[in-house]
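Peer 1: The structure that follows is given in the form of structure tokens.
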């Protein structure tokens, strides 16, 4: 069987195109680029959802909590060799009113649920890579998404998020990668990756896999 990599994330894993709200095709999405780079021995599974958070649900739309979708997702894709999770940006929305420590605690809760599942139910326990998302950019101020955030506060918090997520990942002895050191959000809405960002992220994770999996 091919080595199976499950990518669990939000719109930047789904492939949101900020120019028109469409989905980037397979030639651009980092998950697809990663699978192509890895070759025939690997299967990359996309589990991205626009708006997904660690544990909180959208008060109007619902169904945004990664926590509640996680176990059925893991069960449906079992077995997996590598679990990559990249979330945290949507948790900064003003409607959720979460502190950085509360967002990081959300990651801890998700990892705890996953770890319990792997220990008790899964066919194998995968390697885990927690990826901290790109920082929110200044372009958010003039974008259609500005009203969803307290913009200056969200920009500052996004820059602090990585170190808190790193601490939670390391509490499980899971690996951590701060994507914001290498990848920046686009110049349209300051939230999403453009085609170049997808390429950089794919290359970054590919190199990590070569060294660690």
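Peer 1: Can you tell me which residues in the range 128-142 are in contact with a helix residue (DSSP H, G or I) (Cβ under 9 Å, 6 or more places away or on another chain) and either surrounded by fewer than 17 Cβ atoms within 10 Å (Cβ to Cβ) or outside any helix (DSSP H, G or I) (or both)?
Peer 2: 128, 129, 130, 131, 132, 133, 134, 135, 136, 137, 138, 141
Peer 1: Looking at (1) over 26 Å from residue 44 (Cβ atoms); (2) within 18 Å of the chain's Cα centre (by Cα), can you tell me which one residue 108 breaks?
Peer 2: Evaluating residue 108 over (1) over 26 Å from residue 44 (Cβ atoms); (2) within 18 Å of the chain's Cα centre (by Cα) leaves (1) as the failure.
Peer 1: Can you pull out the residues in the range 26-42 that are surrounded by 18 or more Cβ atoms within 10 Å (Cβ to Cβ) and part of a loop (DSSP other than H, G, I, E, B)?
Peer 2: Hits for the range 26-42 are 28, 29.
Rundown of residues vs (1) farther than 25 Å from residue 213 by Cβ; (2) part of a helix (DSSP H, G or I); (3) within 16 Å of the chain's Cα centre (by Cα), yes/no style:
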| site | (1), (2), (3) |
| --- | --- |
| 44 | no, no, yes |
| 50 | yes, no, yes |
| 59 | yes, no, no |
| 71 | no, yes, no |
| 80 | no, no, no |
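Peer 1: Please count how many residues of the range 1-25 are without any contact (Cβ under 8 Å) to a residue 24 or more places away in the chain and either part of a strand (DSSP E or B) or surrounded by 22 or more Cβ atoms within 10 Å (Cβ to Cβ) (or both).
Peer 2: Residues that pass the stated criteria total 1.
Peer 1: So, in the range 82-116, how many residues would count as being assigned to a helix (DSSP H, G or I), in contact (Cβ under 8 Å) with a residue 60 or more places away in the chain and within 23 Å of residue 149 (Cα to Cα)?
Peer 2: 8
No value in this document is a laboratory result; all are computed from the given coordinates. Predicted, not measured: the structure shown is a model, and the values here were computed from it. Virtual Cβ from ideal backbone geometry, glycine too; neighbours counted across all protein chains shown.
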